[in-house]
Amino acid sequence: MSAPVIEARALRKEFGGFVAVDDVTFEVGRGEIFGYLGANGAGKSTTIRMLCGLMAPSGGAATVAGHDVALAPMRVKGAIGYMSQRFSLYRDLDADHNLEFFGGIYGLSGKALTRAIERAIERTGLSAHRREVASSLPGGIRQRLALACALVHEPAIVFLDEPTAGVDPASRRDFWSLIRELARAGTTVFVTTHYMDEAEYCARIGLMVDGRLVALDTPRALKARYVPGTSLAISGRGLDGAMAEAAALPGVLAVEPFGARVHVRFREGALDEAAVRTIFSREGRVDRVEPVEASLEDVFLAVAGEGAKEAAA
Amino acid sequence: MRRFVVRVWALSAKEVRHVLRDPRSLYLALGMPVVMLLLFGYGVSFDLDRLPVAFVDHDHSAASRALRRRFTAGDDFVDVGELDADGAQAALVAGDAMAVIVIERGFERHRARGERATVQVLVDGSEANGATQLRAKAERMLALLGVDGAIRASGAGAPLEARTWTRFNPEGKSAVFLVPGITAYVLAIVAVLLTALTVAREWERGSMAQLFATPVGRLEIIVGKLLPYLAIGTLAVLLVLAVGMWVFDVPFRGSPAALALLSFLFLAGMLGQGLLISVITRSQMVATQAAALSSMLPSMLLSGFVFPIENMPQVLQWITVVIPARYFVEGLRGVLLRGNGLAELWPELLALSVFALVALGVSTARFQRTIA
C-alpha cells in the first residue's frame, strides 16, 4: 500500500454519554476502494462526517489528504468529494447547472469550470442528459449526476455515503463499474453500503459493530477467517427436521437455514457430501446438493454474532 | 478573496436560476406591489366627497334656505333632504345621512342684526376617519359662510377638535400619502417571505447538509443567497415608485441618494429577518407563516402606514420603536413629500442600520451554531 491518504487513529465520537464511534483506527491507500460496512446506527455515518470535516472528533485524530480533520476542516472539504445518502441535487435545475454550481462552490470559474464540467460529464457518461432537469431523470442517472457533482473539482478522495440506496440492480452495477474506473485512475473511494454483494467490489472492508471497528481486511481474508471451510447448499423439502442431526456430523462447523435452502459448513478437508444426502433424505426430499462459496453476508452474520456473544459474556 | 467572489457568484447564479425556473416568486415580488398600490390608490381611498347631509330647518327663512343651498353647492356635500328633529336622528342611525345640519330658530334675524348665528352639525362618528374629515370640511364651509358651528359627534364620541393645516400634500390625496406605506408593506412581505422560503427550502431538501460538506463558508452562503433578493427588492421599490409617480402624481422632492440608502438598509434588515426565521424554523411551512405574520402585521399596523403612530396607545407607540417599517415609511415620506435629504433623515437611517446589523448578525451567528 502506498502512503495512506486517509488515516484514522483512535478516532472517537461521543454524544452525551453515548459512544457512537469508539477508538477506530485504519488507513486507506491512494486509489483504494475502501468499504465501510455495518448495521444502521453502527457509527458509519458518524465516522464519515468526522472524516469529511463536518463534525469534530471527541477524541483521537484523523488526517485526510494530508489535512487534520479537526484543525483544518475547510482544507479537508476542499480536497474531497462527498455524496450524501439523500442525493442533494437541485431538482429544478438541469445537469449542467447543477455541475456549474458545485464547480463554482469549489472555486472553479471560467475555462477551468467549463473543462471540469466536460470531464465530469464524460467520466459519468451523462452527455445525453445535460440539459435535462434533475427531477425528470430516472433514479440511476440522477445518482450518477450526484456522483459527477462530487467529482467536478477532481478531488483525490471521494466519500460516498450509501450511494446506491434505493437504486435498481442494473443501475447499481453500472454505478460500481464507474467507481472501479475512478479507483483505477487513482481516486481513492471511501464507500458505505449495506448491500453485501456490492462490498465484494471493495479492495478492503472495515466492519463496524456498535461503534467499534471489529474487522478490517480484504473480502477474501475476511471470509477465510470468519467463515472458514467449505459449504454445501441443500435444496429440497422438509429439510428442517434433520438440521440438528447434520450439525452432529464429524467436521461440521455450522448448519444454517438460508432462504429455502440449508447451508452446511465443513471444516477444511472434512467435506462429506454423501453423509449430508443420507441424513436429509431420511426426513424429507433432497433435490440438489451443491458447493457454495461463503459470502460477505455470512461474514457479517458471523461477526455480528460474535459481537452479540461478547456482549452477553 | 477571488474564491469568495467565485463562490458567492455561484450561489447567486443558482438562486437566480431557481427563480427563473419557477417565476411565481418573481410575480409575487414585482406584481403584488403594483396591484396593491393600484388597489389602495384607487379603491381604498381615504378621501371623502359627496357626503350625504340632511337638514333640520327650524327657521324656514330665506337665509336658512340660502345656507342650505350654498352648503351643498360644491362637491363635498350632497343634500339628502329636509327632516324634522326625530327624523334627523333616524337618518343618522339608518346611515342615510352622515351628518345633519340643524339651523336654529331666529337664524335669519340674528344674521340681519349682525349677531352670532349658530347652526348645529350632528356627525355620525361611528367611522372615525370619515367623521374627522367631515367635521373639518363642515367647519371650513361654515367659516366661509360666516356661521358658528357647534359640532357634535354621535356614536363613538370622537374629540371635537378639528384642526386643518395641510402642507406638502395640500389636496389631502390618499395615494400621495399611501405610496410610502405601501412600499414598506410590500417590500417587507416580499423580502422576508422570499428569503425565509429559499433558505428553509435548502434545509428541507437536504442540500444545506451538502453545502456544509463543501468548502463554502457560512458568510458566503448568506451573501450569495441574499444578493439576488436584494436586487429583486430594489426592482420592486423602483417599480412602486414609478407607478406612484406616473399614476398617482406622487412627487419626488428629496434626495435620490437618501432614497437609495433608505431602501437598501430597510431591505437588508428585512432579508436578515427572513434569514433568521428560516435558520430557526428550517421548514418552509412554518417559515411561510412566521414570515407573513412578522412582516405583514407590523408593517401594516405599526408603521404609521394606516394608523398614525401619534394616535396609538402609549404601549403600542413604544413597540413601534423597534419596527423598521416605521422608519422606512417616515423616511420615504420625508424624501418624497417633504424634500428631505441625508441631513434630515439620519435618525431614520441610523435606526434602519441598527436593525439590519442586528438581524443579519444574529442570523449569521445562529447559522454558525446550528451545524458543528
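Here, each number is a calculation from the coordinates, and none is a lab measurement. Values in this document were obtained by computation on a predicted structure and should not be read as measured data. No Cβ is skipped: glycine too gets one built from the backbone with ideal geometry, and neighbour counts run over all protein chains shown.
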Original post:
A:GLN85 to B:TYR27: FRET efficiency via 1/(1 + (r/R0)^6), r the Cβ-Cβ distance, R0 56 Å, to the nearest 0.05?
Top reply: 0.95
**OP:** Return one quarter of the surface area of the convex hull spanned by the alpha-carbon atoms of the range B:51-154, equal to its mean projected area, in nm².
**Re:** 5.7
Original post:
What whole number of Å gives the distance from the Cα centroid of the range A:259-274 to the Cα centroid of the range B:189-240?
Top reply: 63
**OP:** Loop only per DSSP, at most 15 neighbouring Cβ atoms within 10 Å: give me the GluC sites (Glu not before Pro) in the range A:104-213, ordered by residue number.
**Re:** A:GLU200
Subject >> Sites A:ARG267 and B:ALA292, calculated FRET efficiency, Cβ-Cβ separation with R0 56 Å, nearest 0.05 >> reply: 0.20
**OP:** With a Förster radius of 22 Å, plug the Cβ-Cβ distance of B:VAL354 and B:ARG218 into 1/(1 + (r/R0)^6) and report the FRET value to the nearest 0.05.
**Re:** 0.50
Original post:
In nm, what is the difference between 0.36 nm times the number of residues separating A:ALA248 and A:ALA3 and their Cα-Cα distance?
Top reply: 83.3 nm
Original post:
What residues of the range A:186-202 lie in the reach of a label at A:ALA61, counting those whose backbone N is under 16 Å from a point 7 Å from the Cα along Cα→Cβ?
Top reply: none
Original post:
Debye sum, Cα scatterers, chain A, no solvent: what log₁₀ I/I(0) at q = 0.09, 0.16 1/Å?
Top reply: -0.56, -1.23
**OP:** Compute the acute angle (0 to 90°) between the alpha-carbon long axis of helix A:273-283 and the principal axis of greatest extent of the alpha-carbon atoms of chain A; round to the nearest 10°.
**Re:** 70
Subject >> Gaussian network model of chain A, Cα within-10 Å springs - most flexible of A:ALA183, A:ALA79, A:ALA170 >> reply: A:ALA170
Original post:
Arranged from highest to lowest average of other beta-carbon atoms within 10 Å per residue, in what order do the peptides A:59-65, B:326-332, B:33-39 appear?
Top reply: B:326-332, A:59-65, B:33-39
Original post:
Hey, fewest Cβ within 10 Å first, where do A:PHE175, A:PHE280, B:PHE266, B:PHE55 land in order?
Top reply: A:PHE175, B:PHE55, A:PHE280, B:PHE266
**OP:** Would you order A:LEU151, B:LEU336, B:LEU262 from fewest to most other beta-carbon atoms within 10 Å of each residue's own beta-carbon?
**Re:** A:LEU151, B:LEU336, B:LEU262
Subject >> Inter-label distance, nm, simple model (7 Å from Cα along the C-beta direction), A:ALA260/B:GLU127 >> reply: 8.3
Original post:
Just the projected area, averaged over all directions, of the convex hull on the alpha carbon atoms of the range B:209-356: how many nm²?
Top reply: 10.4
**OP:** Mind pulling the angle between the C-alpha long axis of helix B:85-94 and the longest principal axis of chain B? Nearest 10 degrees, somewhere in 0 to 90.
**Re:** 20
**OP:** Classify chain B as rounded, prolate or oblate, taking a ≥ b ≥ c as the square roots of the eigenvalues of its Cα gyration tensor: rounded when a/c is under 1.5, otherwise prolate if a/b is larger than b/c and oblate if not.
**Re:** prolate
Original post:
So which residue, out of B:GLY114, B:GLY81, B:GLY41, gets the largest mean-square fluctuation from a GNM of chain B using Cα contacts under 10 Å as springs?
Top reply: B:GLY114
Original post:
Could you work out Rg/(2.2 N^0.38 Å) for the range B:31-106, with Rg from alpha carbons only?
Top reply: 1.51
Original post:
Say each of A:ALA233 and A:GLU283 gets a label point 7 Å from the Cα, pointing the same way as Cα to Cβ; how far apart are those two points in nm?
Top reply: 2.0
Subject >> For the range B:275-372: rounded, prolate or oblate by the Cα gyration tensor [a/c cutoff 1.5] >> reply: prolate
**OP:** Sort B:ILE221, B:ILE182 so the one with the fewest other Cβ atoms within 10 Å of its own Cβ comes first.
**Re:** B:ILE221, B:ILE182
**OP:** List, in order, the whole-Hz ³J(HN,Hα) value for each residue of the range A:44-59 obtained from phi through the Karplus relation with A = 6.51, B = -1.76, C = 1.60 and θ = phi - 60°; use x for Gly and Pro.
**Re:** 5, 5, 4, 4, 4, 5, 5, 5, 8, x, 8, 8, 7, x, 7, x
Original post:
Cα-Cα over 27 Å: which of A:LYS44/A:LYS111; A:LYS44/A:LYS223; A:LYS111/B:LYS14; A:LYS77/B:LYS14; A:LYS13/B:LYS225?
Top reply: A:LYS44/A:LYS111; A:LYS13/B:LYS225
Original post:
What is the helix-to-structure angle for A:110-124, meaning the angle in degrees between its Cα long axis and the longest Cα principal axis of chain A, kept from 0 to 90 and rounded to the nearest 10?
Top reply: 20
**OP:** Per residue, how big is the convex hull around the C-alpha atoms of the protein assembly as shown? Give it to me in cubic angstrom, could you?
**Re:** 240
Subject >> Relative contact order [Cα under 8 Å, 6+ residues apart], chain A, whole percent >> reply: 19
Original post:
How big is Rg to Rh over the range A:228-293, alpha-carbon atoms, Rh as the Kirkwood inverse-mean-distance radius?
Top reply: 0.91
